[in-house]
Amino acid sequence: MRAVVIGILALCCGGCAAPAFDLVSRDPESPWLTGQQWVRTESSVATVSAAFDRHWLDHMVFDVEVVNQSDAPLLVDPKQFTFTLASSGNDLPRSLRQRFAAEDPDKVRTMLERATPGGESPFDALMFVGCVAVVALAVLAGTIDASPNQDSACEDPGFRGATDPGAMPATCPARPDLQPAPDERAMATSFEYERGRSIRDLLPRMELAPRQSVRGEVWLPARVLRKVLGSESGGHGITATPPRARTDHALTLRTPDALGGQEIDYSIATEY
C-alpha cells in the first residue's frame, strides 16, 4: 500500500507544481545592482528605473524609482503603470491581448495586512492542502506497513509514549510521530519581515517636486501571466494532454503617460 500512496504522492506533487518564472530584461545594457537587473528609461520629463524583484502573493513585484527631470511637479500614480503580454506563437487568447494595470497601493496594503503565511492564491492554497493530505496518507501507510516482527521493546507502551527519540532501542525503526515538528515560527518570522518591508516600501501616489526622486514597489497581478504559463505547461497530471511546442513569451512594462510612457521589455524565463 505504501508504494501505491507514494506513487499517488508523486503524481499529486507533480500536478500541483506551478511553473516558476523570472523576468529578464531585453536591454543588453541594463545594469545590475544587489542582485536586481535595473533598466533605466528617460523622457523629457522623468527618468524611470525599474527592476523585477520577486513573485509573491500571486503578484509580480517591481522596484521602481522615478526622478522628476522637469521644472514642474509630476504626478506619480502607481495604478497607471501597466503591462502587456506577447507570444512568439501569436496564440494569446483575446482576453490576454490587452493592457493590464498595476494594483492600487491602498488595496495592496489592505491585502498585506490580512495575508497569512502560505496564503498564496486560492488555487495554490487548495493544491497545497491536497498535497499535504496525501503526505499524511503516505505517513499513515508507512505506519501500517511496519513489520510485525519488530523487537518487543519497540512495542512497549513506555517506548510508545517516549518523548525522546534517542531513548528508543537502536534497532527500532524511526517513528514519524517522534520526529521534531517543522519550525513554523521561522516561516512566520520571515513572512512578517517580508510583509512589513512591502507595506513600508509601497510606491505612494504623490506629486513629485522638480529634481526630486521617489522609490518604491509597484505590484502587478500575476494571475494573467499564470494563465499563459499554465496553458503552456500542459499540466503534469494523469489526464494531462501532451505538451505543445514551447512558445517564447514576453512582457512589456509601460510607465504612466505623465512620466513619459516609456516601455521596458522583458523575456519570461520559465522552469517546469
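What follows draws every value from the coordinates through simple rules; no lab data is involved. No experiment lies behind these values; they were computed from the predicted model shown. Reconstructed Cβ throughout: ideal geometry from the backbone, glycine too, with neighbour counts over all protein chains shown.
What to note about this one:
- Taking the number of Cβ atoms within 10 Å of each Cβ as an exposure proxy, the fewest-first ranking of S267, S25, S44 is S44, S267, S25.
- Listed peptides 53-62, 186-195, 90-99, 202-211 appear in the order 53-62, 202-211, 186-195, 90-99 once ranked by packing, highest mean of other Cβ atoms within 10 Å at the front.
- The relative contact order of the stretch 35-126, computed from alpha carbon pairs under 8 Å that lie at least 6 residues apart in sequence, is 20 percent.
- Length gained on full extension, A72 to T252: 62.0 nm, using 0.36 nm per residue less the C-alpha separation.
- Extension reserve of the L33-K107 stretch, reckoned as 0.36 nm per residue once the Cα distance is removed: 23.7 nm
- Cut-off under 5 Å, modelled amide H: who pairs with V45 long-range: none
- Annotation: extensible slack from Q98 through E192 equals 30.4 nm (criterion: 0.36 nm per residue apart, minus Cα-Cα distance).
- Once backbone amide H atoms are built at 1.01 Å from N, M60 has L220, A222 as its partners under 5 Å, excluding neighbours fewer than 5 places away on the same chain.
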